[in-house]
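J.: Sending over a structure as C-alpha cells; questions will come in a sec.
The values are calculated or read from the model by the stated rules, or taken from the named source; none is laboratory data. No experiment lies behind these values; they were computed from the predicted model shown. Using ideal geometry, Cβ is built from the backbone for each residue, glycine included, and neighbour counts are taken over all protein chains shown. Protein only, heavy atoms only, side chains kept; ligands, DNA and RNA dropped before computing areas. Shrake-Rupley method; radii C 1.70, N 1.55, O 1.52, S 1.80 Å.
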Amino acid sequence: QVQLVESGGGLVQAGGSLRLSCAASGRTFSRYAMGWFRQAPGKEREFVAASSWINGNTYYQDSVKGRFTITRDNAKNTVYLQMNSLKPEETAVYYCAASSVVGGTYSRYEYDYWGQGTQVTVSS
C-alpha cells in the first residue's frame, strides 16, 4: 500500500504560481512512477504530468508544457508540481497518484494509488 497526501492548493490570480506537494508513505516510493491529474467540475479526470522512477523522464499534457514542472525527491518521499502562469480554466481538484508502470503513464487507469486531492482555484 502507498498512502498519498497532497497539499499546496489554494486561490491564486490568473498568471500566478502555486507549488503542489504530495507526500507518500508505505511501500517504496522510489519504485513508483508518480503522476499528477486534475478534475474540474463536470469533467473527467485528466492527465497533467508524470515522472518515471527508472529513468527520470518526465511527461506533460501539451497545454501545460513550459509552465508546469514535476519533480520528485525520493529521499523525502515527495513529488512536487510547480505551476506557473496559471489560467482560470485550470481551476480543478489536483490529485497525485502512484503507478507501478515502470516508465510512467498518461492513463489514469494504470495508477494504483491516489491521494485525496487538493483544490486549486485560479481567479480571472
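J.: Accessible area of the chain with a 1.4 Å probe: how many percent of it is carbon plus sulfur?
T.: 47 percent
J.: Could you check the simple spin-label distance between Ala40 and Ile54, using points 7 Å along Cα→Cβ, in nm with one decimal?
T.: It is 3.5 nm.
J.: Moving on to the next point. Scan around Leu86 for amide H atoms under 5 Å from its own, H built in the peptide plane at 1.01 Å from N, and keep only partners 5 or more places away or cross-chain.
T.: Those lying under 5 Å, H to H, from Leu86 are Gly15, Gly16.
J.: Let me ask you something else. Which value, in Å², gives the accessible area per residue of the chain when a 1.4 Å probe is used on the protein heavy atoms?
T.: About 50 Å² of surface per residue is accessible.
J.: To the nearest 10 square angstrom, how much accessible area does Arg108 have with a 1.4 angstrom probe?
T.: For Arg108, solvent-accessible area is about 70 Å².
J.: Using a 1.4 angstrom probe and counting only protein chains, how large is the accessible area of Ile54 in Å², to 10?
T.: 100 Å²
J.: Rounded to the nearest 20 Debye, what is the dipole magnitude of the chain about its Cα centre when Lys and Arg each give +1 and Asp and Glu each give -1 at the C-beta?
T.: With only Lys, Arg, Asp and Glu charged at Cβ, the dipole is about 200 debye.
J.: Right, next: Which one, Pro41, Gln61, Gly26, is farthest towards the positive end of the dipole of segment 2-124 when Lys and Arg carry +1 and Asp and Glu -1 on their Cβ?
T.: Ranked along the dipole, the leading option is Gly26.
J.: Roughly how many nanometres apart are two label points built 7 Å out from the Cα toward the Cβ at Ser63 and Tyr106?
T.: Distance between label points: 1.4 nm.
J.: Taking the Cα-to-Cβ direction at Ala23 and at Gln82 and moving 7 Å from each Cα, how far apart do the two end points lie in nm?
T.: Taking the simple label geometry, Ala23 and Gln82 are separated by 2.2 nm.
J.: State, as an integer percentage, the relative contact order of segment 3-124 based on alpha-carbon contacts under 8 Å between residues 6 or more apart.
T.: Reported as a whole number, the value is 37 percent.
J.: To continue, here is another question. Let me understand segment 63-119 better: what is its radius of gyration from the alpha carbons, and its Dmax, in angstrom?
T.: Using the Cα atoms of segment 63-119, the pair Rg, Dmax is 12.5, 34 Å.
J.: Same structure, new question: Let me know the Rg and Dmax you get for the chain when you use only its Cα atoms, in Å.
T.: Rg and Dmax of the chain, Cα atoms, are 13.3, 41 Å.
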